[in-house]
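Working notes, structure below.
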There are 2 protein chains.
Amino acid sequence: MSEAPVPPRVHVVGTGLIGTSLGLALTRAGGSVTLEDISTTNAALARDLGAGETTSPLGGTQAAEQPELVVVATPPDSTAACVASALERFPDAVVTDVASVKVAVIDVLRERGADLTRFCGSHPMAGRERSGAVAGRHDLFHGRAWVLTPTSETSPAAVELVRTVATSAGAAIVTLDPADHDAAVASVSHVPQLVASLVAARLEHLADSSVALAGQGLRDVTRIAASDPHLWTQILSGNAHAVRDVLASLASDLDGVIRALDALGSDADAPGARGTLARAIAAGNAGHARIPGKHGAAPTAYTTVRVLIPDEPGQLGRLFADVGEIGTNIEEFHLDHGLGQAFGLAEVDVVPGAAASLSEGLEQRGWRLHG
Amino acid sequence: MSEAPVPPRVHVVGTGLIGTSLGLALTRAGGSVTLEDISTTNAALARDLGAGETTSPLGGTQAAEQPELVVVATPPDSTAACVASALERFPDAVVTDVASVKVAVIDVLRERGADLTRFCGSHPMAGRERSGAVAGRHDLFHGRAWVLTPTSETSPAAVELVRTVATSAGAAIVTLDPADHDAAVASVSHVPQLVASLVAARLEHLADSSVALAGQGLRDVTRIAASDPHLWTQILSGNAHAVRDVLASLASDLDGVIRALDALGSDADAPGARGTLARAIAAGNAGHARIPGKHGAAPTAYTTVRVLIPDEPGQLGRLFADVGEIGTNIEEFHLDHGLGQAFGLAEVDVVPGAAASLSEGLEQRGWRLHG
């Protein structure tokens with residue numbers, strides 16, 4: 001964005017992580033932001049952090065002008081009610097929300113007969129493990145997708161206004177039908193979260209000597225299993241239909257695998273059983289290959305250069321200084337630590353054309369490559 | 001290991017990745033290694049790479065002395081037969097195998113009335129995405145766990161011999177009952193693999209616009225879904241009982257979640273449903289917390305410092321050079337690329353006591369921190 005326009009006047013309802021971060025981003029971009037929160041402490045904190053001016057009924061400055069856009073950034077289970085209220089309280093403003101589930105909000109608004117021409121739901125694909133105003137960052141949305149989910153009722157002007165604000169915050173715009181959005185996040189976010197939790201839960205009562213065999217694969221699969229149960233209960237229950245459909249399809253494949261293992265358990269040569277297992281792994285190959293690389297590009301097959309890293313301060317610095325000198329751009333980087341080992345194995349992913357020169361350059365500089 | 005003893009005379013059956021790597025490691029440690037493979041090309045290749053001398057019946061040097069230890073490193077589905085044959089062919093030697101499933105091998109040997117006093121199964125927790133002798137590395141086992149799975153019949157001398165060889169190859173020894181081993185790898189390796197594949201398979205027929213919303217969470221959960229279906233079919237079918245038990249427990253929890261989502265789909269206030277969802281995520285928290293940190297230590301809570309990285313060659317090098325200058329040791333490092341963004345967000349995990357000085361040092365050097 002070489003020439004970002006000054007953002008419209010925005011009123012933020014709910015000064016948690018997302019609301020505060022948006023206020024910080026828009027204020028920094030020269031925009032005028034007002035803030036409210038059911039907790040006056042939260043609102044005052046967001047104001048003190050520089051996210052905008054407060055308009056809480058219990059004190060603070062009432063904005064001189066009505067907002068052009070109201071952004072409802074409350075927890076998922078109060079989003080619909082707050083949007084309905086905002087549409088009534090600000091009859092000339094466009095309203096958006098930032099909840100991670102979209103259809104449920106629209107259903108409630110439609111039931112209530114709300115003015116849907118002025119509502120354009122949205123979902124910034126940004127978050128942190130920490131929450132609250134104090135975790136807010138002006139650059140939280142930089143380069144992240146911000147999904148707009150207009151309905152057939154939404155006016156083009158409303159869509160445009162939300163697009164302008166999201167762009168001002170540094171986000172990349174994606175437009176999806178609300179139901180398509182919910183189905184998409186069920187597959188790419190909600191089901192992976194739930195399944196990571198279910199896999200991690202198998203470890204809860206495992207013997208120490210068994211858990212000790214955990215490797216990088218398990219670590220990766222279960223990383224997001226550390227997420228907040230309270231937030232995820234709201235998200236999953238808000239997207240119950242779409243998550244259920246994806247889980248049911250997964251459960252059906254899982255049942256097939258269990259039946260195949262049962263068959264192999266009683267007859268090591270059970271016809272068809274190995275075919276079921278191989279197809280399950282192969283379908284995973286095919287799905288995995290569809291995940292886009294960085295920059296929203298088509299899936300990219302990077303070449304991995306593996307480098308042994310002594311476990312001493314400064315060794316990674318030396319590696320990256322050398323990579324910089326060689327002039328290779330790193331696409332992905334992963335550091336693998338095995339059980340009890342005295343050093344790390346760094347996996348450096350580069351575009352295929354760059355692997356040979358990187359390997360040669362690193363070996364010349366004394367690095368031990370590992371394949 | 002400050003004073004590694006000279007390894008015993010070892011005969012390797014099967015010169016794939018593991019067999020060749022072991023030959024390379026033991027040769028390098030001053031040991032005497034002989035090699036055989038059903039493919040004379042494979043055996044000759046491993047020999048040419050420096051893994052030992054060949055003893056193929058079709059040519060090569062017959063070892064002057066009988067081996068003290070025979071290591072069967074054939075594919076999982078021929079392991080038991082090769083071990084049985086090795087016990088007969090080398091009546092004075094101890095025999096081990098390196099298959100990732102242990103009980104199935106012992107069952108076959110017991111059926112055949114093999115001499116189990118001279119057999120100590122084992123499983124080096126090391127591997128690569130590539131296979132075959134050419135992918136072999138002398139340092140493949142460095143710092144990795146190598147699980148020994150003796151039975152009550154196994155003689156103490158046999159256990160000691162396998163321990164000595166695994167230690168000579170640089171591995172860290174873990175001893176487990178064979179059934180406990182199989183149950184452990186079912187939970188920490190086989191089920192995570194299968195479930196990652198099942199999650200990734202959901203993406204196979206998803207619209208491009210939906211797959212485009214994929215974030216780091218999905219990438220982590222599905223990374224190992226790129227694994228080889230042929231190998232994994234052998235592993236899963238070889239550990240059918242244990243994998244089945246863990247999957248059945250997971251499927252039962254999954255069914256509970258699906259029923260809760262069903263209930264929420266027809267009644268947004270369904271009693272008990274949110275409790276089921278929250279418990280599933282919370283159990284994942286508890287299981288995740290048990291995964292050990294690196295170096296086999298107890299779980300460590302690292303502090304994450306997030307740094308914005310411009311997407312230009314050399315920037316990571318500059319970062320790591322600065323980290324080296326500040327003197328902080330990096331425990332884990334992860335580079336996160338969002339959709340369409342022009343830069344990366346690096347997550348640098350350090351021990352909690354080091355986070356403040358690292359953050360301060362990086363900011364002094366002009367880095368933009370992100371939380």
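The values are calculated or read from the model by the stated rules, or taken from the named source; none is laboratory data. Remember, it's a predicted structure, so these values are computed and weren't measured experimentally. Don't worry about glycine lacking a Cβ; one is built from the backbone with ideal geometry, like all the others, and counts go over all protein chains shown.
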From B:ALA184, B:ALA172, B:ALA200, B:ALA207, residue being in contact (Cβ under 8 Å) with a residue 24 or more places away in the chain, farther than 14 Å from A:ALA196 by Cα and small (Gly, Ala, Ser): B:ALA172
Among (1) assigned to a strand (DSSP E or B); (2) at the interface with chain A (Cβ under 9 Å from one of its Cβ atoms); (3) modelled with pLDDT of 75 or more, the one test that B:LEU319 misses: (1)
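Going through A:LEU264, A:LEU213, A:LEU203 one at a time, which residue ends up being in contact with a strand residue (DSSP E or B) (Cβ under 9 Å, 6 or more places away or on another chain), within 7 Å of another protein chain (Cβ to nearest Cβ) and surrounded by 22 or more Cβ atoms within 10 Å (Cβ to Cβ)?
Values: A:LEU264 fails: in contact with a strand residue (DSSP E or B) (Cβ under 9 Å, 6 or more places away or on another chain); A:LEU203 fails: in contact with a strand residue (DSSP E or B) (Cβ under 9 Å, 6 or more places away or on another chain).
Testing whether each residue is in contact with a strand residue (DSSP E or B) (Cβ under 9 Å, 6 or more places away or on another chain), within 7 Å of another protein chain (Cβ to nearest Cβ) and surrounded by 22 or more Cβ atoms within 10 Å (Cβ to Cβ) leaves just A:LEU213.
Only residues that are part of a helix (DSSP H, G or I) and crowded, with 20+ Cβ neighbours inside 10 Å: list them for the range A:227-240, please.
Correct list: A:TRP232, A:THR233, A:GLN234, A:ILE235, A:LEU236, A:SER237, A:GLY238, A:ALA240.
Residue-wise test of (1) of a type in the set (A, V, I, L, M); (2) at pLDDT 95 or above; (3) in a loop (DSSP other than H, G, I, E, B).
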{"position": "A:PRO5", "(1), (2), (3)": "no, no, yes"}
{"position": "A:LEU22", "(1), (2), (3)": "yes, yes, no"}
{"position": "A:GLY30", "(1), (2), (3)": "no, no, yes"}
{"position": "A:ALA44", "(1), (2), (3)": "yes, no, no"}
{"position": "A:SER56", "(1), (2), (3)": "no, no, yes"}
Answer residue from the range B:77-128, given it is more than 25 Å from B:GLN66 (Cβ to Cβ) and β-branched (Val, Ile, Thr) and is surrounded by the most Cβ atoms within 10 Å (Cβ to Cβ) among those: B:VAL101
Filtered residues of the range A:151-188 (kept if within 14 Å of chain B (Cβ to nearest Cβ), out of contact with any Leu (no Cβ under 7 Å at 6 or more places or on another chain) and assigned to a helix (DSSP H, G or I)): A:ALA166, A:THR167, A:PRO178, A:ALA179, A:ASP180, A:HIS181, A:ASP182, A:ALA183, A:ALA186
Identity of the residue in the range A:267-301, in contact with a strand residue (DSSP E or B) (Cβ under 9 Å, 6 or more places away or on another chain) and part of a helix (DSSP H, G or I), that ends up modelled with the highest pLDDT: A:LYS294
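Working only within the range B:75-88, note down all residues that are under 25 Å from B:ASP48 (Cβ atoms) and modelled with pLDDT of 95 or more.
Listed by number, the residues that qualify are B:CYS82, B:ALA86.
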Contacts under 8 angstrom Cβ, first residue in the range A:235-262 being more than 9 Å from A:ALA186 (Cβ to Cβ), partner of a type in the set (A, V, I, L, M, F, W, C) and outside any helix (DSSP H, G or I), 6 or more apart: A:ILE235/A:VAL101; A:SER237/B:ALA268; A:GLY238/A:ALA99; A:GLY238/A:VAL101; A:ALA260/A:ALA270
